[in-house]
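The values are calculated or read from the model by the stated rules, or taken from the named source; none is laboratory data. Small disclaimer: the values here were computed from a predicted structure and weren't measured. Note that we place each Cβ from the backbone using ideal geometry, even for glycine, and neighbour counts take in every protein chain shown. All accessible areas refer to the heavy atoms of the entire protein, side chains included, with ligands and DNA or RNA removed. Shrake-Rupley method; radii C 1.70, N 1.55, O 1.52, S 1.80 Å.
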Amino acid sequence: MKRPGIWGLSLLVILMVTRPLVHSSQDQKQPPVLRDPLRLVRVEKQVYQAPPGNGVDDLRLAFRPVDLPDEAQGPSGLVTLLSAKQSIPVSLAHSDFNEDQMPDLVTGYAVAFGGVVTIRLGERESVFPTRRYDEPEIVVPFGAEMSFAVPIAPEFLVAGDFNNDGHRDVLLADSNFPRLVLLAGDRRGMLRQPEIIPIDGRPTALLAGDFGRRDGLDDLAVAMVTEQGPTLSVWQNPAGALTDSSDVLKLPSEAVAIEAGFLNSEFDTRVDLVIAAEDQLILQRFANECGQ
């Protein structure tokens, strides 16, 4: 039998030595494991998403911080409360309050005497720029805050046209008081004086949308706890959701959330409701044109 020469022995030794190194380098190329999820971080006026301190160091995020304008409009007392951080943000929604086809941001704050609602109008230039190529980029999505005092802490806040005047409004609720508060819009981005709307109980959830057979009008669903027990009230009226009495559904327990969607067959265009009440999900279906 022919024995291997010196070159064959050398090649065999090299393969035996380098094989563990190859396996080690392959193991090192395994994708890193994120040890804990991303967390949301808020710093002053900047809101962005950041990785945890003990996560993957080379994680790249597509988000970047945005400085919102510090300018504020409204009564000086409200501006002072917001700037001095004597308020707590509790709710958020968006709509087009000045009818320029741009989404505006509405925020509810709880303060010592009740609440404050602020509106930041969307900056059209940040989405549809008209600047010259050599002019600086505008990346601020919203303008200065406009502040409005309200008599309750806006724990629940929804936007929609609730009086059917064609302009977007803001509707508020506080789980401590049996009332709704309507801030009617004026199509210029401003809100009118608060209008108190009594209801039968303490609200626990609030949802606005186009429910049942879609007609392009905003409807309203309010879960509350009344003297008769937990209920769900639904307002639907062509003259405005709040211009007529509501349909009432008794619930087995207190509702904590309401959501809407297409929950029947794929051929059914009705928008139904789902109510979360303790350990149950309750489906509320709306009748069609035939009453079915």
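Close amide H contacts of Ser91 (hydrogens built in the peptide plane, cut-off under 5 Å, sequence separation of 5 or more or a different chain): Gly108.
Taking all protein chains together, Leu82, Leu281, Leu263 sort by accessible area into Leu281, Leu263, Leu82, largest first [probe 1.4 Å].
Can you bin the range 158-212 into rounded, prolate or oblate? Criterion: square roots of the alpha carbon gyration tensor eigenvalues sorted a ≥ b ≥ c, rounded for a/c under 1.5, prolate for a/b above b/c, oblate for the rest. Note, shape of the range 158-212 comes out oblate. Just to confirm the filter: which trypsin sites (Lys or Arg not before Pro) across the range 81-184 are DSSP coil and have at most 13 other Cβ within 10 angstrom of their Cβ? Counting only loop positions with at most 13 other Cβ atoms within 10 Å, the trypsin sites (Lys or Arg not before Pro) in the range 81-184 are Lys85, Arg131, Arg132. Here the contact order of the range 133-292, divided by its residue count and restricted to Cα pairs under 8 Å and six or more residues apart, works out to 15 percent. Over the range 150-286, accessible surface divided per residue gives 49 Å², non-protein components excluded, 1.4 Å probe.
So how do Asp210, Asp165, Asp272 rank on accessible area, 1.4 Å probe, biggest first, that is with the largest at the start?
Values: Asp210 40, Asp165 70, Asp272 0 Å².
Ranking Asp210, Asp165, Asp272 by accessible area, largest first, yields Asp165, Asp210, Asp272.
On the range 182-239, 44 percent of the accessible area sits on carbon and sulfur atoms, based on a 1.4 Å probe.
Converting phi to 3J(HN,Hα) with the Karplus coefficients 6.51, -1.76 and 1.60 and the offset θ = phi - 60°, the range 242-258 yields 9, 8, 9, 6, 9, 8, 10, 10, 6, 10, x, 7, 5, 7, 10, 7, 10 Hz in sequence order, with x at every glycine or proline.
Remark: the Ser253-Val127 segment gains 40.9 nm on full extension, using 0.36 nm per residue and subtracting the alpha carbon distance. Decide, for the range 161-254, between rounded, prolate and oblate: order the square roots of the alpha carbon gyration tensor eigenvalues as a ≥ b ≥ c, take rounded if a/c falls under 1.5, and otherwise choose prolate if a/b is larger than b/c, else oblate. Judged from the Cα gyration tensor, the range 161-254 comes out oblate (a/c at least 1.5, b/c at or above a/b).
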